[in-house]
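This report refers to the structure that appears directly beneath it.
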Amino acid sequence: MIAGVDEAGRGPLAGPVIAAAVILDPKRKIKNLADSKQLTVEQREGLYSKICERALAFGIGRAEVFEIDGMNILQATLLAMQRAVAALKVFPTEVWVDGNRCPRLDYPTRAIIKGDTYIPAISAASILAKVTRDREMVLLDAQYPEYGFAQHKGYPTEMHRLILKKLGPCQIHRRSFAPVREALEIVEIL
């Protein structure tokens, strides 16, 4: 009953950070689980469906932009992870988290660096978090079409930085991140 936990969205300049917790069912194996960053969009989408169908339990947690700006991205990520574990419908006996930091939980917890590359439950959590966040950024693109969120998902690509400098930040930009603060200052000067 090990829950794997991972997040998506620590590095972007916009949008929430999303975490997922997954307890896999040993009787319902899922092939080709891997770190979400190593998979194509199509592979992630296919595995997302299989994880939702076959896992014993999964939970999604999030921290909003105002929380990221208010407490910092690390603390917001740990909060999203706590919320993902709390959303599980089955209690884990242990929680394994990708990375080098663990959220405070009521379960034995261990951090595993690069766990998303070789621990199936963490790989599954990586996929759920990434697909959930990417889908949300596509929806936010409809609200803020001039920013191109469907293409870059809020990450600091050259395209995103240029748009940010031209238009300034929108509601979902993380003002505590330096490139967003700098763009805000440029827009205020103009």
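None of the figures in this text is laboratory data; all of them are computed from the coordinates on show. Quick caveat: nothing in here was measured; it's all calculated off a predicted structure. Cβ coordinates were reconstructed from backbone atoms using ideal geometry, including for glycine residues, and neighbour counts include every protein chain displayed.
Put simply, the Cα atoms of the stretch 85-127 extend 24, 19, 14 Å along their principal axes, the longest span coming first. For the chain, the longest principal axis of the C-alpha atoms and the axis of helix 73-86 are separated by about 40°. Kirkwood-type hydrodynamic radius, the stretch 36-94: 13.2 Å, calculated from all non-identical alpha-carbon pairs.
Eigen-decomposition of the gyration tensor built on the alpha-carbon atoms of the stretch 96-167 gives equivalent ellipsoid semi-axes of 32, 13, 11 angstrom, largest listed first. In the chain, the longest principal axis of the Cα atoms and the axis of helix 41-54 are about 40 degrees apart.
Eigenvalues of the alpha-carbon gyration tensor of the stretch 143-185, scaled by 5 and square-rooted, set the equivalent ellipsoid semi-axes at 15, 10, 10 angstrom, largest first.
In plain terms, the C-alpha convex hull of the stretch 10-52 casts an average shadow of 3.8 nm² when viewed from every direction.
Seen against the Cα atoms of the chain and their longest principal axis, helix 178-189 is set at about 20 degrees.
The helix-based estimate of mean residue ellipticity at 222 nm for the chain, built from -39,500 (n - 2.57) per DSSP H run of four or more residues and divided by its residue count, is -14000 deg cm²/dmol to the nearest 500.
The protection proxy used here, the mean number of other Cβ atoms lying within 10 Å of each residue, ranks peptides 37-43, 106-112 as follows, highest first: 106-112, 37-43. Among Lys29/Lys153; Lys89/Lys130; Lys114/Lys166; Lys27/Lys114; Lys50/Lys114, which pairs are too far apart, with a Cα-Cα distance over 32 Å? Pairs exceeding 32 Å: Lys114/Lys166.
Taking the Cα centre of the chain as reference, the dipole from Cβ charges on Lys and Arg (+1) and Asp and Glu (-1) amounts to some 500 debye.
Shape call for the stretch 63-190 from the C-alpha gyration tensor, a ≥ b ≥ c root eigenvalues: rounded (a/c under 1.5), prolate (a/b greater than b/c) or oblate? The shape class here is prolate. By the Stokes-Einstein formula, at 0.890 mPa s and 25 °C, the stretch 2-142 with its Kirkwood radius over alpha-carbon pairs has D equal to 168 µm²/s. Straightening the chain between Gln75 and Ala87 buys 2.5 nm, computed as 0.36 nm per residue apart minus the Cα-Cα spacing.
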